[in-house]
1. Working carefully through the options Ile44, Ile34, find the one that is modelled with pLDDT under 95, surrounded by 12 or more Cβ atoms within 10 Å (Cβ to Cβ) and under 20 Å from Thr143 (Cα atoms).
2. Quick check on segment 83-93. Is at least one of its residues at pLDDT below 95 and either farther than 30 Å from Phe137 by Cα or surrounded by fewer than 16 Cβ atoms within 10 Å (Cβ to Cβ) (or both)?
3. Glu101 versus (1) free of Cβ contacts under 8 Å to residues at least 60 places away in the same chain; (2) touching a Pro at 6+ places or on another chain (Cβ under 9 Å): which is the lone unmet condition?
4. Of all residues in segment 101-112, how many are touching an Asp or Glu at 6+ places or on another chain (Cβ under 9 Å), surrounded by 15 or more Cβ atoms within 10 Å (Cβ to Cβ), modelled with pLDDT of 95 or more and not charged (D, E, K, R)?
5. Regarding segment 63-73, can at least one residue be identified that is of a type in the set (Asp, Glu), surrounded by fewer than 14 Cβ atoms within 10 Å (Cβ to Cβ) and in a loop (DSSP other than H, G, I, E, B)?
6. Only residues that are in a strand (DSSP E or B) and either hydroxyl-bearing (Ser, Thr, Tyr) or over 19 Å from Ile44 (Cα atoms) (or both): list them for segment 106-147, please.
Amino acid sequence: MKRKTMLMWSLLLVSGVSANAFAADGAVGRWKTIDDKTGQVKSIVEISEASNGSLTGKVVEILKSDKGPNPVCDSCSGDRKNKPIKGMTILWNLKPDGANEWAGGTILDPANGKTYKSKMELQPGGRKLDVSGCVAFICRAQTWVRE
């Protein structure tokens with residue numbers, strides 16, 4: 001009985017440490033993007049910290065696309081026009097804006113090629129990230145799930 005109790009406490013301790021480790025890492029890591037209209041997982045975005053301390057996010061995997069397995073950003077302009085979405089930076093210049101919050105950045109929607117003012121908030125436990133993009137008063141939000 002004592003062995004089972006020790007095992008149970010060990011598992012609880014490890015699971016608690018894991019949840020706290022996610023929160024301590026902030027938004028850095030790999031995230032499943034969940035389409036806010038369909039609820040389907042669309043891609044994996046890897047968020048990293050840039051040399052200036054801001055956050056940036058790059059599409060590292062396409063899981064679901066209406067444009068085939070290797071879609072390009074045909075609606076994008078400039079340097080991104082007709083470039084593969086996989087490997088593309090779609091989130092940049094997000095700066096800390098409080099505990100587990102980032103703001104002042106930009107997010108690109110590769111489906112329509114438009115960019116939006118962006119902010120993010122890491123939910124308690126570190127497993128979910130609320131990401132939003134806004135133009136004027138019109139906003140769109142998604143909850144991404146840590147991979």
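1. So the residue among Ile44, Ile34 that is modelled with pLDDT under 95, surrounded by 12 or more Cβ atoms within 10 Å (Cβ to Cβ) and under 20 Å from Thr143 (Cα atoms) is Ile34.
2. no
3. Here Glu101 meets the rest and fails (2).
4. Number of matching residues: 2.
5. Yes, that holds for at least one residue.
6. Listed by number, the residues that qualify are Thr106, Lys114, Thr115, Tyr116, Lys117, Ser118, Ser132, Cys134, Val135, Ile138, Cys139, Thr143.
The values are calculated or read from the model by the stated rules, or taken from the named source; none is laboratory data. Just so you know, these numbers come straight off a predicted model, no measurement behind them. No Cβ is skipped: glycine too gets one built from the backbone with ideal geometry, and neighbour counts run over all protein chains shown.
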